[in-house]
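Presented below is the structure to which this report refers.
Quick note: the coordinates plus some simple rules give every number you see, no bench work behind them. Quantities reported herein were computed from a predicted structural model and do not represent experimental measurements. Using ideal geometry, Cβ is built from the backbone for each residue, glycine included, and neighbour counts are taken over all protein chains shown.
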Amino acid sequence: MDIFSKRDGPRLEDVKAKRMLSENAGTIRKLADQISGGGYSKMRADEARRKEAPKPDGLIIHDLKARTRVDVPEPYVKVSLNNRVVLVDKSSGLQLQMLGEIRGNFMSKRFVLCTKENGFFSPVDAEMIDLIGHLDNVELSEAFTEADLASKLEALIVPAEA
């Protein structure tokens with residue numbers, strides 16, 4: 001009976017093959033360039049260039065990390081393109097609270113406060129209703145536009161929260 005046990009370390013054939021490849025690396029590179037028409041060296045140079053760290057000389061670098069937040073928000077009222085009226089932070093651009101919506105068609109539009117009765121899932125709190133509740137169902141016209149509504153809401157809300 002013959003017993004073959006595994007030896008520690010690499011096999012003798014592997015050692016010889018690695019030594020032959022490392023001794024003839026220059027010749028192998030020349031042959032690879034000759035066969036590929038210089039493509040092998042170009043590929044290696046491109047790979048080395050990709051691994052380099054970018055140099056900021058003459059480059060415009062955009063930092064895509066989130067902006068640092070200010071502890072105290074600067075609120076203002078915004079009427080978005082989809083007719084939602086929201087309280088937004090000036091520094092971060094994040095929505096602080098939804099106040100309501102402008103509903104209607106081109107003939108008549110009105111501001112609807114964000115309450116359960118008006119069909120909203122997350123209504124404004126009671127304190128906010130006390131401040132701006134009288135503007136619920138206000139008709140918007142040429143005399144009282146969306147910009148007027150936003151400035152009126154901002155005048156009522158912002159001093160109370162600032």
For segment 14-133, what is the charge dipole size about the Cα centre, in debye to the nearest 20, if Lys and Arg each add +1 at the Cβ and Asp and Glu each add -1 at the Cβ?
860
Running a GNM on the chain with Cα contacts under 10 Å, which residue among D14, D33, D46 ends up with the highest mean-square fluctuation?
D14
Summing -39500 (n - 2.57) over the DSSP H runs of n ≥ 4 in the chain and dividing by its residue number, what mean residue ellipticity at 222 nm do you reach, to the nearest 500 deg cm²/dmol?
-11500 deg cm²/dmol
Could you tell me whether segment 12-51 comes out rounded, prolate or oblate from its Cα gyration tensor? Rule is a ≥ b ≥ c as square roots of the eigenvalues, rounded for a/c under 1.5, then prolate if a/b exceeds b/c, otherwise oblate.
oblate
In a Gaussian network model over the chain where Cα atoms closer than 10 Å are linked, find which of S22, S92, S141 has the largest mean-square fluctuation.
S22
Chymotrypsin sites (Phe, Trp or Tyr not before Pro), restricted to segment 73-138: which are DSSP loop and have at most 10 other Cβ atoms within 10 Å?
F106, F121
Between D130, D57, D89, which gets the highest mean-square fluctuation from a Gaussian network model of the chain, Cα cutoff 10 Å?
D57
If you project the alpha carbons of segment 1-138 onto the principal axes, what extent comes out on each, in Å, largest first?
95, 58, 36
Are there any GluC sites (Glu not before Pro) in segment 1-75 that are in a DSSP loop and have at most 16 other Cβ atoms within 10 Å? List them by number.
E52
Check cross-link reach from K65 to the lysines: straight Cα distance under 30 Å, and skip same-chain residues fewer than eight apart.
K51, K55, K78, K90
